[in-house]
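Enquirer: Can you keep this structure in mind? I'll have questions shortly.
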Amino acid sequence: MVQLEQDYQGHDFSFTIKALNPSFLDNGEFSGDVYASLLQSVSEKLSVGIETAYSRQPQYPPDAAISYLARYNADKWIASAQIKAQGSVIASFYRKVAENVSAGIETQILASMRPITDPMLGQTIGVEPVMEGVTTVGAKYEFRQSVFRGQIDSDGKVSCCLEKKILPTVSVLFSGELDHFKSTSRLGL
């Protein structure tokens, strides 16, 4: 795994370029993922941006996408929205509730096409539009030597993690997730 990343911070903008697993070893052709993003301040609190992505893997055709985003940063809260070329819209709201408590909500809506299959022949006879969405609510509580994060989403997942600092350079992270709709759980350390 190779990841190369470069950030440039201007007076009122930031530019980032990132490459994941770049290679020219496949018959001299590029393979890997490349992302470029630009975030420009329009006013003191409002920023707009654009992100492009290009992906090419060996034996697959290349794929490219573009996303547009906006962010409003008030003193104690941040609202942002992103429109992706693949047909999804993401909106989020984050607020600092108290000195050591933060909370947020995110909604993601995805529009796609699903194939319609003939039940008798088993062949695809058309496509139908599908709208799917997930909303996630989360909170973060900062203790003196640790941080607790928890979230719940509309797909029935409840997850949390506790990060405890043992020394300034050493910490341990406990995490867990319950998926009520799939009746699965995960624990991690």
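Enquirer: Can you give the FRET efficiency to the nearest 0.05 for K76 and F30, using r as the Cβ-Cβ distance and R₀ = 45 Å?
Expert: That gives a FRET efficiency of 0.50.
Enquirer: Pairs of alpha-carbon atoms within less than 8 angstrom and 6+ residues apart define the contacts here; what relative contact order does the stretch 1-116 have, in percent?
Expert: 13
Enquirer: For the chain, set up a Gaussian network in which alpha carbons nearer than 10 Å are linked by springs, and say which option among Q82, Q108, Q59 fluctuates the most.
Expert: It is Q59.
Enquirer: Could you give the length gained on full extension between S146 and Q57, defined as 0.36 nm per residue of separation minus the Cα-Cα distance, in nm?
Expert: Details: separation 89, 0.36 × 89 = 32.04 nm, distance 4.09 nm.
Separation in residues times 0.36 nm, less the Cα-Cα distance, equals 28.0 nm.
Enquirer: For the pair L4 and L38, what calculated FRET efficiency results from E = 1/(1 + (r/R0)^6), where r is the Cβ-Cβ distance and R0 = 22 Å, to the nearest 0.05?
Expert: 0.75
Enquirer: Quick one: which residues, 5 or more positions from D155 or on another chain, have an amide H under 5 Å from its amide H? H modelled 1.01 Å from N in the peptide plane, none for Pro or chain starts.
Expert: T135
Enquirer: Take D26, D75, D179 and sort them by solvent-accessible surface of the protein heavy atoms, 1.4 Å probe, largest at the top.
Expert: D75, D26, D179
Enquirer: Another one. Please give the residues of the stretch 148-189, grouped as numeric ranges, whose backbone N is less than 17 Å from a label point set 7 Å along the Cα-to-Cβ vector of T135.
Expert: 151-158
Enquirer: For the stretch 51-189, report the translational diffusion coefficient in µm²/s to the nearest whole number, using Stokes-Einstein at 37 °C, 0.692 mPa s, and a Kirkwood Rh over Cα pairs.
Expert: Values: Rh = 18.8 Å.
Approximately 175 µm²/s, per Stokes-Einstein.
Enquirer: By the scheme Lys and Arg +1, Asp and Glu -1, what is the net charge of all other residues having a beta-carbon under 13 Å from that of V89? Show your work: numbers first, answer last.
Expert: Details: positive: K84; negative: E106, E132.
Counting the neighbours of V89, the net charge comes to -1.
Enquirer: What is the calculated FRET efficiency for F15 to S88, with r their C-beta to C-beta distance and R₀ = 35 Å, to the nearest 0.05?
Expert: 0.90
The values are calculated or read from the model by the stated rules, or taken from the named source; none is laboratory data. Keep in mind that what you see is a predicted model, and the values were worked out from it rather than measured. FYI the Cβ positions are ideal-geometry reconstructions off the backbone, even for glycines, and counts take in every protein chain you see. SASA here: full protein model, heavy atoms, side chains in, ligands and nucleic acids out. Shrake-Rupley method; radii C 1.70, N 1.55, O 1.52, S 1.80 Å.
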